[in-house]
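One structure, as structure tokens, below. Some questions next.
Any read-out appearing in this document is the output of simple, stated calculations on the displayed coordinates, not a laboratory observation. Small disclaimer: the values here were computed from a predicted structure and weren't measured. Note that we place each Cβ from the backbone using ideal geometry, even for glycine, and neighbour counts take in every protein chain shown.
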Amino acid sequence: MKFETTAIPDVLLLTPKIFADARGLFYESYNHRFFVEKTGLDISFVQDNHSRSQKNVLRGLHYQIGKPQGKLVRALAGTIQDVAVDLRQSSPTFGKSVSYILSAENCQQMWIPIGFAHGFVVLSDVAEVAYKTTDYYAPSEERCLLWDDPEVAIAWKLDGQPILSPKDAIGKLLKEAELFA
């Protein structure tokens with residue numbers, strides 16, 4: 001697997017070695033030993049999440065304060081624009097975002113460490129997204145950064161207005177949000 005740093009060095013893009021033939025394809029989507037070797041992070045994933053969404057559904061930008069989560073995200077079916085926003089006040093990239101297109105075809109994954117808000121928008125008719133987390137979901141700790149905060153200025157690849165959950169529609173602006181040190 002190839003690990004690439006992004007414009008925010010702690011966020012990584014992972015590209016697996018794909019073995020394809022007439023039968024289909026195979027790739028190793030996660031190997032703990034290799035992850036530790038490449039990142040220096042000896043973390044444990046404790047929960048796997050799976051969502052299925054239609055085109056233009058925008059989920060996020062989510063994060064947890066008291067029980068923060070690192071996330072390893074991939075698209076199992078379809079295509080998404082995956083986004084991470086740095087919420088670490090002490091970081092030189094505070095308030096900045098990175099985004100990558102993750103798809104069932106490119107098999108890429110994004111590592112989003114603790115201290116980031118995460119979200120994605122579905123670009124295909126339907127997408128299924130799976131992600132591993134480093135801590136359990138804690139509803140009382142969940143926060144939401146407003147998806148269209150002008151200060152963060154994410155260049156979403158939307159086709160019209162996004163389809164949002166009620167809680168995502170009322171996320172906080174960066175200047176009002178609870179942040180990481």
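Sorted by mean Cβ packing within 10 Å, highest first, what order do the peptides 164-177, 75-88 take? Show your work: numbers first, answer last.
Values: 164-177: 14.1, 75-88: 22.9.
Taking the mean over residues of other Cβ atoms within 10 Å, the ranking is 75-88, 164-177.
Pull out a ≥ b ≥ c, the square roots of the eigenvalues of the alpha-carbon gyration tensor of the stretch 124-181, then state rounded if a/c is under 1.5, prolate if not and a/b is larger than b/c, and oblate in the remaining case.
In terms of gyration-tensor shape, oblate.
Please list the non-local residues whose amide H lies under 5 Å from the amide H of Gly115, H modeled 1.01 Å from N, same-chain partners needing a gap of 5 or more.
Those lying under 5 Å, H to H, from Gly115 are Gln69.
While we're here: Tell me which label goes with the value of Cα extents along the principal axes in Å computed from the coordinates here: (i) 77, 32, 26; (ii) 52, 38, 29; (iii) 46, 38, 31.
(ii)
Given springs between every Cα pair under 10 Å in a Gaussian network model of the chain, which of Lys55, Lys38, Lys71 has the largest fluctuation?
Lys38
Ok, one more. Count charges around Val11 for me, please; just the other residues with Cβ under 13 Å from its Cβ, Lys/Arg as +1, Asp/Glu as -1. Could the numbers behind the result be given before it?
Details: positive: Lys71, Arg88, Lys96; negative: Glu4, Asp10, Asp82, Asp86.
Charge balance near Val11 sits at -1.
Please report the relative contact order for the stretch 46-176, taking Cα pairs under 8 Å with a sequence separation of at least 6, and give it as a percent rounded to a whole number.
Values: 323 pairs, mean separation 51.0, N = 131.
Computed value for the stretch 46-176: 39 percent relative contact order.
What ³J(HN,Hα) values, in whole Hz, does the Karplus curve 6.51 cos²θ - 1.76 cosθ + 1.60 give for the stretch 107-119 when θ = phi - 60°, with x put for Gly and Pro?
6, 7, 10, 10, 8, 10, x, 4, x, 10, 8, 10, x
Let me ask you something else. Output ³J(HN,Hα) for the stretch 47-61: one whole-Hz value per residue in order, computed from phi by the Karplus curve 6.51 cos²θ - 1.76 cosθ + 1.60 with θ = phi - 60°, and x for Gly and Pro.
Karplus values, whole Hz, x for Gly and Pro: 8, 10, 10, 9, 10, 10, 9, 8, 3, 6, 6, 10, 10, x, 9.
Rounded to the nearest 5, what % of the DSSP beta bridges within the chain are antiparallel ones?
Details: 49 of 52 bridges.
Bridges in the chain are about 95 percent antiparallel.
Now a separate question. Where a Cα-Cα gap under 19 Å defines reach, which lysines qualify for Lys71, not counting those fewer than 8 residues away within the same chain?
Output for Lys71: Lys2, Lys38, Lys96, Lys132.
Explain nothing, just the number: relative contact order of the stretch 1-55, from Cα pairs under 8 Å at least 6 residues apart, as a whole percent.
On the way: 37 pairs, mean separation 10.4, N = 55.
For the stretch 1-55, the relative contact order is 19 percent.
For the ranges 26-34, 134-142, 9-17, 107-115, what's the packing order if you count other beta-carbon atoms within 10 Å of each residue, average per peptide, and put the highest first?
Numbers: 26-34: 11.8, 134-142: 13.3, 9-17: 18.0, 107-115: 21.8.
By packing density, highest mean first, the sequence is 107-115, 9-17, 134-142, 26-34.
Amide H to amide H under 5 Å from Asn106: which residues, 5+ apart in sequence or cross-chain, H placed 1.01 Å off N in plane?
none
Apply the Karplus curve 6.51 cos²θ - 1.76 cosθ + 1.60, θ = phi - 60°, to the phi angles in the stretch 88-101 and return the couplings in whole Hz, x for Gly and Pro.
Running phi through 6.51 cos²θ - 1.76 cosθ + 1.60 with θ = phi - 60° gives 8, 4, 7, 7, x, 10, 3, x, 8, 10, 10, 9, 9, 8 Hz.
Next up: How many angstrom separate the Cα center of the stretch 1-24 from the Cα center of the stretch 44-120?
15
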